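The values are calculated or read from the model by the stated rules, or taken from the named source; none is laboratory data. These numbers come from a predicted model, not from an experiment. Using ideal geometry, Cβ is built from the backbone for each residue, glycine included, and neighbour counts are taken over all protein chains shown.
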Amino acid sequence: MGKSIRRPDHRHSVILASASPRRAELLRSAGIHVDIRPCHKPEPVHKPASVDVELWPVCLAHYKAAAVFQALRNTNAGRSRHTVIGADTIVELGGRIINKASNASRARAILRMLSGRTHRVITGVAVITTDQTHLISATATCRMRRLSSTVLEQYIAGGLWRGKAGAYGIQDHSDPLVELISGDMTTVMGLPMPPLLELLHHVGVLMR
């Protein structure tokens with residue numbers, strides 16, 4: 001992404017509707033000051049049959065961004081100009097959505113399922129301003145190397161599976177479990193930066 005600092009328009013306050021430290025770091029690494037306000041509204045768990053897999057993370061991203069934007073409007077903070085960014089990432093294997101693992105046992109089962117197989121990582125992003133809503137979807141294709149029992153148990157014991165779609169973080173391991181085949185690394189990390197930065201320029205949050 002380079003080291004150049006992008007100048008924010010200080011009339012806008014950029015809010016990240018996510019507790020993900022990886023997403024916050026991606027934005028800050030791009031020179032964007034961001035305030036963290038996670039969505040605390042319970043999000044839908046099951047994808048409706050009428051919604052395509054590719055659209056589901058976009059729907060969840062919009063759900064979270066809209067909830068935080070509305071909460072800001074209901075407070076004194078609503079008097080300022082806010083740009084709220086929501087995001088959601090899913091792993092898809094053979095048409096099946098693999099959600100975050102709730103415990104070590106589930107993480108182990110997910111990693112065994114992905115071991116030696118190619119899968120897709122889809123990240124949806126919603127950017128909401130006072131008068132606009134924009135949606136982004138980005139897809140990356142990854143392949144997990146075949147995991148030995150020793151590697152699998154070491155990874156589970158290290159706890160790096162927590163809070164991550166597919167129970168892994170592509171950036172977390174010195175000996176990567178996953179190879180990026182196509183797409184952008186930041187999509188797998190949870191925030192597709194190239195299209196997001198272009199959009200933030202377009203809506204006037206960033207100045208070139």
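Consider only pairs whose beta carbons are under 7 Å apart and that are at least six residues apart or on different chains; among these, list those whose first residue lies in region 145-171 and is over 28 Å from Asp88 (Cβ atoms) and whose second residue is part of a loop (DSSP other than H, G, I, E, B).
If the second residue must be part of a loop (DSSP other than H, G, I, E, B), the pairs left are Arg146/Ser115; Arg146/Gly116.
Within region 153-181, can you find the residues that are basic (Lys, Arg) and crowded, with 17+ Cβ neighbours inside 10 Å?
Lys164
From the list Thr129, Thr139, which one is touching a Lys or Arg at 6+ places or on another chain (Cβ under 8 Å), at pLDDT below 95 and crowded, with 16+ Cβ neighbours inside 10 Å?
Exactly one of Thr129, Thr139 is touching a Lys or Arg at 6+ places or on another chain (Cβ under 8 Å), at pLDDT below 95 and crowded, with 16+ Cβ neighbours inside 10 Å, namely Thr129.
Is one or more of the residues making up region 102-110 in a loop (DSSP other than H, G, I, E, B) and touching a residue at least 12 places away in the same chain (Cβ under 8 Å)?
Scanning region 102-110, I find no residue that is in a loop (DSSP other than H, G, I, E, B) and touching a residue at least 12 places away in the same chain (Cβ under 8 Å), so the answer is no.
Among the residues of region 28-43, which ones are touching a residue at least 12 places away in the same chain (Cβ under 8 Å) and assigned to a helix (DSSP H, G or I)?
The one that is touching a residue at least 12 places away in the same chain (Cβ under 8 Å) and assigned to a helix (DSSP H, G or I): Ser29.
Return the only residue of Arg73, Arg117 being loosely packed, with under 14 Cβ neighbours inside 10 Å and either of a type in the set (Gly, Ala, Ser) or at pLDDT 95 or above (or both).
On inspection, the qualifying residue turns out to be Arg117.
Being within 22 Å of Lys64 (Cα to Cα) and touching a residue at least 24 places away in the same chain (Cβ under 8 Å) is the requirement here; does His134 meet it?
yes
Of Thr186, Thr150, which residue is surrounded by 22 or more Cβ atoms within 10 Å (Cβ to Cβ) and of a type outside the set (A, V, I, L, M)?
Exactly one of Thr186, Thr150 is surrounded by 22 or more Cβ atoms within 10 Å (Cβ to Cβ) and of a type outside the set (A, V, I, L, M), namely Thr186.
Residue by residue through region 78-101, note down the ones that are over 19 Å from the mean Cα position of the chain (by Cα) and touching a residue at least 40 places away in the same chain (Cβ under 8 Å).
Ser80, Arg81, His82, Gly95
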